[in-house]
Amino acid sequence: LFNSSLNVSYHLNKWELSSLTGFTHLNDRYEDYDQDYSPYDFISWYAPRRPQNTWIQEFKMISHHLGRWDITGGLFGFADNREARTDTHFGADAASMYPDAPYIYSSLSDQTGKGVAAYAHVTYALTDKLWLTGGLRYDYDEKELTIHDELEKSPYPVQVFPSRTVNT
């Protein structure tokens, strides 16, 4: 895991402007995860490749001492990319339940996402103890996931199944 961010603020007379930029890289891997919890070679799971990179950016402005008003507004955006490969190993002992065992069934995926948002938050002091607050936020994001599966059973060549893509 690698995570970093940079926050920059600029103060004007009655306003504060800020920019927050962040980046995260995650590459978690799993090896020989025993899924049947037995001493036999039934089913184990591997995830040898799972990198993920995420960028975020936010620009924000906040008012200070505008009489009875407090105002916050900003823009936010992100981009996210992740890959994954998971291998499910059906071992020799699994042949009692899966006649084709031993074999390896793999899923490979690539997911991308991006989004933007704009927001505003306003508070008006009706009295010293009573405030009226309202806010709006607009969000837009999209994701795409492409996945395909593979079946590996020795001595046969690896079977690669067609890719499927889902967009949101």
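The values are calculated or read from the model by the stated rules, or taken from the named source; none is laboratory data. Since we're looking at a predicted model, the values are computed, not measured. Positions of Cβ are generated from backbone atoms using ideal geometry, with glycine treated the same way; all protein chains shown enter the neighbour counts. Note: accessible area is taken over every heavy atom of the protein model, side chains too, but ligands, DNA and RNA are not part of it. Shrake-Rupley method; radii C 1.70, N 1.55, O 1.52, S 1.80 Å.
Remarks
- Charge dipole (the chain, unit charges on Cβ, about Cα centre) - positive-most of Leu26, Ala95, Asn13: Asn13
- Ligands, DNA and RNA left out, the accessible area of the chain computed with a 1.4 Å probe is 58% carbon and sulfur.
- Of every Cα-Cα pair in the chain, the percent that sits beyond 21 Å: 66
- Point-charge dipole on Cβ atoms (K/R +1, D/E -1) for region 105-168, about Cα centre, debye to 20: 220
- Per residue accessible area in Å² of region 1-88, where ligands, DNA and RNA are left out and the probe is 1.4 Å: 68
- Cα-only Debye scattering, region 38-89: base-10 log of I(q)/I(0) at q = 0.20, 0.27, 0.32 Å⁻¹: -0.82, -1.00, -1.12
- This model, with +1 at the C-beta of Lys and Arg and -1 at the C-beta of Asp and Glu, gives region 35-168 a dipole about its Cα centre of some 680 debye.
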